[in-house]
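Nothing in this text is a laboratory measurement; each read-out follows from the coordinates by a stated rule. Model, not experiment: these values are computed from the prediction. Here the Cβ is made from the backbone with ideal geometry for all residues, glycine too, and neighbour counts use every protein chain on show.
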Amino acid sequence: MEKIVESFKKKALCSFLFTLNLQKINIDTALTTTTTTYDEEEEEEITTNTHTIKQLLRSKLRTSPNVRSNQMNQFLTNTDWKKSKFGSFFKTWTPITLTSTLEISWSEEEGGGEVVDTYMISSILAPPGLQSQCNASQFRAQNLLPIVRLSAHIHRSSSGPFLLSRGRVFVGGFDTGVRTGLPFDVSGPFFTNELDGGLLLREGDDDNVRKVHPNIRGRAMKASSSSNIPSKPPVKLCDVNSEAITVAVNILIPELLMELRDPMQFLYSRDAHLIYKYWPRYSNVMDSFKPFVTKTLYEKLGARKMYVAKPCESRRSETRLRETPAGANHTRVEAIV
């Protein structure tokens, strides 16, 4: 039980990152203390149970909820990216990007000191490939939104180091348990395997589901009898996932690292070189995600003015920055919104 509670405590904090209305998460445990006394008059033992509530976690969003919701509503209420039957003939679409910070405060023991964690989040709405996929007719009922977000843990108020993320993948604001190995958390319109929870990245990743439910994905929509236009094949779910990961890697990682440099140098750690903690090292990437971390990412990073190497370190840093992949108790939980 203790392991389950500890796991939930860790996941509770990251639940603030990509949700819209979540403001507080409190976790308590119910403890029962049993005492036995002897009643000499009655000549019998009396057992008394005392129940107490022990605080395990108090956490809340320090960033103004209005600020967070206003930022996200820029994306959620925007429908310009959607193409009507004739929309593409009258207007063009430019993807919207936004970078913001988020502060989460938390404490464990009652009366313990408060810790504040700061995250930087970069978001993009409807980049071209993902925009086209989410406009497919098969997703209209689901209202699939082409929003990809990338988060980096950049500061902790308490002394001592903190561990960077191992690349958590979020769907609908909540952790799927999938890890990329990158030092960033990512949220997007991802589809997961209904049986094992894995991310669908290539054809065959859901074969185990199809064996149990052969018609789970449906079939291509037929063209209406009044139309001579042939129906398009359905968009594969693995293609949507792959495109969202590609956007996160090739667009949002360079964007986030650029936005991160000055705060790291002048506001938080006061050491610009710590930006290299967030370098997307290919060797750390999980095998299933390595095909997405290509030389395109490193070429884009190389074109940005984000490096802080001193003149005497330039050769060593240049080699490093050109790194490319080889071969290419009872527990009560209270959530307040």
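Results, tabulated for the structure shown:
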read-out	value
Average Cα contact separation per residue, segment 48-146, under 8 Å, 6 or more apart, as relative contact order %	30 percent
Segment 133-212: relative contact order in percent, alpha carbon pairs under 8 Å with at least 6 residues between	24 percent
Percent of alpha-carbon pairs separated by more than 17 Å within segment 112-175	58 percent
Modelled FRET efficiency - R0 35 Å, Thr52 with Glu194, Cβ distances, 0.05 increments	0.25
Whole-number D in µm²/s for segment 121-219 (Stokes-Einstein; Kirkwood sum over Cα pairs; 25 °C, 0.890 mPa s)	157 µm²/s
Distance between segment 148-185 and segment 1-37 - C-alpha centres, whole angstrom	19 Å
Listed residue pairs exceeding 28 Å between alpha carbons, taken from Lys11/Lys83; Lys3/Lys24; Lys83/Lys236; Lys9/Lys82	Lys11/Lys83; Lys9/Lys82
Amide proton proximity set for Ile96, modelled H, under 5 Å, gap of 5+	Leu125
Segment 87-140-segment 283-300 distance, computed between alpha-carbon centres (Å)	21 Å
Hydrodynamic radius (Kirkwood) for segment 151-196, which is based on Cα pairs only, to one decimal in Å	11.9 Å
Segment 92-171: relative contact order as a whole-number percent, Cα under 8 Å and 6+ apart	30 percent
Amide hydrogen neighbours beyond the local backbone of Val171, cut-off 5 Å, H modeled	Thr176
